[in-house]
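Trainee: Below are the structure tokens for one structure; questions will follow.
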Amino acid sequence: MYTRVRYKSFDQLSFIDLLVYSKLPPHPFWSYLEPKVDFTFADRLCAVLYSGRGQRPYPPSLKLKVHLLQAYENLSYRGTELHIVGDLFFKRFSGVPVDFIGFDHSTIGKDRARLGPAMFQACHLYILAQLYSLGLWGDRNEQWIIDSFPCQIGVVMVGAYRLIQQAMLRILQQLKRSYPSLYQLTTKSLELESVTRRLSAQSTDKDQMLAFSKLAAEAYALLNWFDHEDIVPLMQSWKNPKARQKSLELQALLEQILIETCRPVDPDSQPDLDEGSEVAHGSPEPPSLEASSSHSPEPEAASHPDPDEGSEGVHSSLEPPSLESPFSHSPEPEASHPIDAIAYEKIPRKDRPAHRIISAHAPEARLGAKSRFVMTKGFKVQNLCSTRSVILDTRVIPASEPDRVAMVDMVRGIQSFFHVTPRTLLGDTAYGYGKERLALAALGIEVVAPVATRNPTGLYDISRFTYNREKNVYTCPNGKETVRFYDKPQIEGFQFEFSKKDCQECPLKMECTTSKDGKRVFHSYYYDTYEAAKAYNASDEGKAAHKLRYLVERKNKELKNDCGLGRSHSRERDTIQIKSTVSAIVVNLKLMVRQLIAPRPGFNRRAKQA
């Protein structure tokens with residue numbers, strides 16, 4: 001049932017308010033924006049977020065203007081609060097009295113979190129539709145451009161040991177705030193000594209290996225604890241469902257970090273430790289994982305103490321005391337035991353996945369390479385705009401995700417919403433892959449982007465070799481042909497190989513390949529698509545289209561530098577997505593004022609002479 005929502009109104013401005021506002025000169029942006037754009041759509045759009053009962057809320061159109069002010073001036077929440085209190089230009093644009101001080105910094109931040117990325121995206125589409133009706137974009141022969149820029153966040157890179165500690169601490173701290181009784185039961189029943197321990201700089205390799213093994217075992221024991229038959233009912237009876245869901249997310253985060261950073265040790269290949277050696281700093285041995293659930297790796301991969309000989313302290317990590325009086329006693333810590341094996345070892349950095357978690361405090365952030373010497377710690381912002389400099393969509397993606405992954409979905413979303421199909425989509429080499437070209441061709445859009453042919457080793461690339469379609473062979477610069485080929489579905493193509501003997505006797509071998517088995521040439525499934533793209537790029541029309549691609553750099557500069565998206569203080573992906581969407585709205589509104597107001601507005605610092 002639809003409930004009519006009534007918002008707070010400021011009624012008619014007082015004589016003092018009108019007198020003050022009349023003395024202000026026109027603002028070069030806000031004063032010319034209000035007659036062109038209707039912001040009242042936000043009141044209807046956001047009505048679903050409010051109830052018809054209780055105190056009347058402030059109009060969403062007013063709060064949307066506050067968010068636009070923040071993005072326009074690149075302000076913090078507290079800086080925005082000060083502008084609301086003392087900026088007369090903004091007060092006049094918003095239509096509030098001079099003495100209005102209704103918003104504080106926490107209200108602004110909570111309003112952003114309440115609306116979420118989807119609602120801000122809807123506001124962006126509403127304003128984009130108004131720009132479309134004004135004729136600022138959407139021509140039949142219009143071309144779109146896509147590019148990305150890095151968004152660095154304040155995350156500190158840590159090693160695997162500290163990363164596991166951070167994830168465990170987040171679980172325990174969240175449990176302490178939201179479920180104190182279960183937190184006390186957890187700390188009394190589990191051995192969590194390694195969570196806060198720091199290794200000294202003088203620790204030996206053996207000490208580090210043993211400490212990491214103990215930490216990993218305690219982490220798996222913590223995960224298994226929540227799956228214990230006596231703990232599951234306590235988790236299900238958690239009164240706060242949001243806090244319970246948050247705890248499950250943190251547990252999944254810890255499990256993913258363990259999968260990416262550690263692995264069980266093969267008993268036959270573990271290092272030779274001195275007999276009777278103890279864990280670093282006299283710490284007790286890792287808890288047994290014999291009763292572990294699906295969180296733990298193969299249990300037989302690690303050696304465990306005999307459950308019949310002094311294992312009470314070990315199994316206490318998985319068997320809580322009686323739940324009738326859970327805090328009546330605490331198990332005494334067992335004395336240090338000699339250790340016979342290392343249960344877990346650290347996965348070498350080169351063997352860890354490229355798309356791995358780099359911080360427990362920013363689980364969606366990733367490490368990506370902008371170039372050979374520049375790394376991005378955080379995210380990338382994809383910017384889809386038209387050749388008339390209107391930003392159509394922005395999307396925040398992890399830094400390690402290839403640029404082309406989000407391209408098709410962004411273009412399809414704008415095309416289906418506005419029923420506008422561009423003539424071409426311009427991009428750099430990162431957007432010129434065959435799979436995405438065919439996907440956009442099915443939508444009636446041609447991708448204009450360079451085709452990657454350069455060999456990163458500096459040796460001969462595929463452009464030096466000639467493909468014979470009839471014989472299905474490649475010919476090298478020395479006139480030799482390939483002798484065999486293999487299908488490689490995982491890389492979407494075929495691998496052609498030259499004879500080892502031909503390559504060894506070739507005078508061009510040093511400039512061609514360093515392989516002892518002969519030169520290999522990759523033949524993509526999208527070979528015909530790439531050849532057609534190369535021919536178009538070499539034409540005069542293709543060269544002219546490539547020059548338009550650099551128009552997106554101006555929009556990237558506005559978003560990255562002027563709106564502060566190049567370096568974000570927030571670590572949450574949704575928060576950065578909201579900021580990028582609001583910034584795109586502001587950049588579009590600035591473009592509208594520049595193009596529709598002639599001459600360009602500015603401050604009139606002199607009174608007109610009679």
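The values are calculated or read from the model by the stated rules, or taken from the named source; none is laboratory data. From a predicted model like this one, the values you see are computed outputs, not experimental measurements. All Cβ positions, even for glycine, are placed from backbone atoms using ideal geometry, and neighbour counts span all protein chains on display.
Yes or no, residue by residue, for (1) within 30 Å of Arg388 (Cβ to Cβ); (2) of a type in the set (Asp, Glu); (3) assigned to a helix (DSSP H, G or I); (4) in contact (Cβ under 8 Å) with a residue 24 or more places away in the chain:
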residue: Cys151; (1), (2), (3), (4): yes, no, no, yes
residue: Val156; (1), (2), (3), (4): no, no, no, yes
residue: Gln165; (1), (2), (3), (4): no, no, yes, yes
residue: Ser200; (1), (2), (3), (4): no, no, no, no
residue: Ser203; (1), (2), (3), (4): no, no, no, yes
residue: Ala211; (1), (2), (3), (4): no, no, yes, yes
residue: Ala216; (1), (2), (3), (4): no, no, yes, yes
residue: Ala219; (1), (2), (3), (4): no, no, yes, yes
residue: His228; (1), (2), (3), (4): no, no, no, yes
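Trainee: OK, next. Considering each of Asp227, Asp205 in turn, give the residue that is of a type in the set (D, E, K, R) and surrounded by fewer than 15 Cβ atoms within 10 Å (Cβ to Cβ). First the steps, then the outcome.
Mentor: Numbers: Asp227 fails: surrounded by fewer than 15 Cβ atoms within 10 Å (Cβ to Cβ).
The unique qualifying residue is Asp205.
Trainee: Name the single residue that is surrounded by the fewest Cβ atoms within 10 Å (Cβ to Cβ) among those in the stretch 120-155 being over 14 Å from Val582 (Cβ atoms) and small (Gly, Ala, Ser).
Mentor: Here is the first cut: in the stretch 120-155, the ones over 14 Å from Val582 (Cβ atoms) are 129-155.
Okay, now just the ones that are also small (Gly, Ala, Ser), so 129, 133, 135, 138, 148, 154.
Working: Ala129: 14, Ser133: 9, Gly135: 11, Gly138: 20, Ser148: 29, Gly154: 14.
Residue satisfying both the conditions and the ranking: Ser133.
Trainee: Whether any residue in the stretch 109-119 is outside any helix (DSSP H, G or I) and either under 24 Å from Leu559 (Cβ atoms) or not assigned by TED's automatic domain parsing to the domain that holds Gly413 (or both) is what I want to check.
Mentor: Filtering the stretch 109-119 down to residues outside any helix (DSSP H, G or I) leaves none.
Looking for residues that are outside any helix (DSSP H, G or I) and either under 24 Å from Leu559 (Cβ atoms) or not assigned by TED's automatic domain parsing to the domain that holds Gly413 (or both), one finds none in the stretch 109-119, hence no.
Trainee: Restrict the check to the stretch 384-392 and report whether at least one residue is more than 22 Å from Ala544 (Cα to Cα) and at pLDDT 95 or above. Working first, answer last.
Mentor: The first filter runs over the stretch 384-392 and keeps only residues more than 22 Å from Ala544 (Cα to Cα), leaving 392.
Subsequent filtering for residues that are at pLDDT 95 or above retains 392.
Yes, some residue in the stretch 384-392 is more than 22 Å from Ala544 (Cα to Cα) and at pLDDT 95 or above.
Residues checked against (1) assigned by TED's automatic domain parsing to the domain that holds Pro25; (2) in contact (Cβ under 8 Å) with a residue 40 or more places away in the chain:
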{"position": "Phe100", "(1), (2)": "yes, yes"}
{"position": "Lys176", "(1), (2)": "no, no"}
{"position": "Tyr179", "(1), (2)": "no, yes"}
{"position": "Lys188", "(1), (2)": "no, yes"}
{"position": "Asp207", "(1), (2)": "no, yes"}
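Trainee: Hand me the list of strands (runs of 3 or more DSSP E) wholly inside the stretch 354-417 holding 3 or more residues that are in contact with a Phe, Trp or Tyr (Cβ under 9 Å, 6 or more places away or on another chain) and surrounded by 21 or more Cβ atoms within 10 Å (Cβ to Cβ). Please lay out each step first, then the result.
Mentor: On the way: elements: 366-369, 375-386, 391-398.
It comes to 375-386, 391-398.
Trainee: With respect to Lys188, is the statement that it is of a type in the set (D, E, K, R), over 27 Å from Arg352 (Cβ atoms) and either in a helix (DSSP H, G or I) or over 31 Å from the mean Cα position of the chain (by Cα) (or both) true? First the steps, then the outcome.
Mentor: On the way: of a type in the set (D, E, K, R): yes; over 27 Å from Arg352 (Cβ atoms): yes; either in a helix (DSSP H, G or I) or over 31 Å from the mean Cα position of the chain (by Cα) (or both): yes.
For Lys188, the condition - of a type in the set (D, E, K, R), over 27 Å from Arg352 (Cβ atoms) and either in a helix (DSSP H, G or I) or over 31 Å from the mean Cα position of the chain (by Cα) (or both) - is met.
For every residue, the table says whether it meets (1) farther than 15 Å from Ser181 by Cβ; (2) among the acidic types (Asp, Glu).
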position: Ala217; (1), (2): yes, no
position: Asn224; (1), (2): yes, no
position: Glu229; (1), (2): yes, yes
position: Val232; (1), (2): yes, no
position: Gln236; (1), (2): no, no
position: Lys239; (1), (2): no, no
position: Ala243; (1), (2): no, no
position: Leu248; (1), (2): yes, no
position: Ala252; (1), (2): yes, no
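Trainee: Given the criteria closer than 20 Å to Gly413 by Cα, hydroxyl-bearing (Ser, Thr, Tyr) and in contact with a helix residue (DSSP H, G or I) (Cβ under 6 Å, 6 or more places away or on another chain), does Ser148 qualify? So that I can check it myself, show each step before the final result.
Mentor: Values: closer than 20 Å to Gly413 by Cα: yes; hydroxyl-bearing (Ser, Thr, Tyr): yes; in contact with a helix residue (DSSP H, G or I) (Cβ under 6 Å, 6 or more places away or on another chain): yes.
In short, yes.
Trainee: Being free of Cβ contacts under 8 Å to residues at least 40 places away in the same chain and on the phi < 0 side of the Ramachandran plot is the filter; apply it to the stretch 114-135 and report the residue that is farthest from the chain's Cα centre (by Cα). Break it down stepwise before answering.
Mentor: Taking the stretch 114-135 first, the residues free of Cβ contacts under 8 Å to residues at least 40 places away in the same chain are 118, 133, 135.
Next cut, on the phi < 0 side of the Ramachandran plot only: 118, 133.
Details: Ala118: 16, Ser133: 33 Å.
Among residues in the stretch 114-135 that are free of Cβ contacts under 8 Å to residues at least 40 places away in the same chain and on the phi < 0 side of the Ramachandran plot, the one farthest from the chain's Cα centre (by Cα) is Ser133.
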